[in-house]
Amino acid sequence: MVLRNWKNIRDYDDCQELTAAQWAWEFLRRNPDYQRQWQAFWTTWQALEADYGKPPDRDFCAWKNDPRAWVPASECADGECRIDQDKVLIECALGARWGFHKFPPDPRDDDPVGEGRLSWRPRGEDPLPVLAEGEVSLAPEQMALVFDLSMPLRAQLDQARHQLQLEAGRRRREQGLQPRRVRLLRAHWTTLLRALDAESNGDGDQAREMFGTEILEEARNMVNGGYLELPRIPD
């Protein structure tokens with residue numbers, strides 16, 4: 001992919017209009033493993049097209065019988081892929097591996113999300129942590145409540161919602177707690193992209209000096225799976 005000039009923040013002006021789903025793509029496309037896997041996939045795809053043609057003239061029967069067009073179902077942990085005789089098509093398997101539907105986009109592709117050529121696979125809500133006695137260790141944005149499972153839950157859940165709303169308001173007023181919203185995180189995410197682009201450009205030392213080690217670590221974490229959380233953040 002063509003890297004932006006990470007030293008010039010104006011090169012990232014278009015990021016101000018990105019949705020959460022588009023931000024997720026910006027981080028995924030910078031993942032070196034995705035870049036390598038996509039290139040291997042594309043090489044295989046082109047070889048298959050050379051042998052069996054492109055739609056509408058493709059020989060679909062011959063294509064689907066070619067072992068290059070499949071991977072074992074065991075390599076596709078996502079249950080949404082269509083399994084045919086313990087095999088999964090390579091395009092579906094690659095998408096499932098990285099958390100999206102539709103044909104795997106080229107990392108050089110600027111906006112497959114906005115153009116409808118990529119959609120993120122829904123992620124279920126993670127179970128709330130179960131805290132044993134004496135094991136309460138919370139981040140500043142977290143709050144633990146205790147429920148009595150021997151009593152009816154509806155009233156307790158209503159009370160918990162009320163308490164959580166009051167506490168969220170108090171922490172925003174008194175502690176500056178910021179809600180996670182795309183419009184509030186754009187500037188920070190832009191900094192993460194700049195740090196990643198600096199490293200890819202061989203300017204890691206300059207990036208560390210300008211942005212700090214914590215920013216670089218957060219940026220790397222975003223590329224290595226953290227991007228999957230972004231589509232859940234309200235715009």
Looking at the stretch 163-177, can you tell me whether even one residue there is within 21 Å of Glu26 (Cα to Cα) and surrounded by 13 or more Cβ atoms within 10 Å (Cβ to Cβ)? no
Report yes if Arg123 is modelled with pLDDT of 90 or more and either surrounded by fewer than 16 Cβ atoms within 10 Å (Cβ to Cβ) or of a type outside the set (Val, Ile, Thr) (or both), otherwise no. no
Being touching a helix residue (DSSP H, G or I) at 6+ places or on another chain (Cβ under 7 Å), modelled with pLDDT of 85 or more, among the small types (Gly, Ala, Ser) and assigned to a helix (DSSP H, G or I) is the requirement here; does Ala93 meet it? yes
Residues being assigned to a helix (DSSP H, G or I), over 20 Å from the mean Cα position of the chain (by Cα) and either within 27 Å of Ile90 (Cα to Cα) or among the β-branched types (Val, Ile, Thr) (or both): count how many of those fall in the stretch 1-22. 1
When you check Ile83 against the structure, is it of a type in the set (Val, Ile, Thr) and surrounded by 18 or more Cβ atoms within 10 Å (Cβ to Cβ), yes or no? no
Which number in (1) modelled with pLDDT of 85 or more; (2) farther than 28 Å from Pro234 by Cα; (3) outside any helix (DSSP H, G or I) marks the one condition that Glu133 misses? (1)
Of the conditions (1) touching a Leu at 6+ places or on another chain (Cβ under 9 Å); (2) closer than 22 Å to Leu228 by Cβ, Lys64 fails just one. Which one is it? (2)
Residues Trp45, Trp25: which one is part of a helix (DSSP H, G or I) and closer than 23 Å to Gly114 by Cα? Trp25
Selection count where residues are assigned to a helix (DSSP H, G or I), touching a helix residue (DSSP H, G or I) at 6+ places or on another chain (Cβ under 7 Å) and more than 23 Å from Pro122 (Cβ to Cβ), scope the stretch 50-90: 5
Can you name the residue in the stretch 180-210 that is surrounded by fewer than 17 Cβ atoms within 10 Å (Cβ to Cβ) and aliphatic (A, V, I, L, M) and is also nearest to Pro231 (Cα to Cα) among such residues? Leu184
List the number of the failed condition for Ala187; all other conditions in (1) free of Cβ contacts under 8 Å to residues at least 40 places away in the same chain; (2) in contact with a helix residue (DSSP H, G or I) (Cβ under 7 Å, 6 or more places away or on another chain) hold. (2)
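The values are calculated or read from the model by the stated rules, or taken from the named source; none is laboratory data. Computed from a predicted model, the values in this text were never measured in an experiment. So basically every Cβ, Gly included, is an ideal-geometry build from the backbone, and we count neighbours across all protein chains shown.
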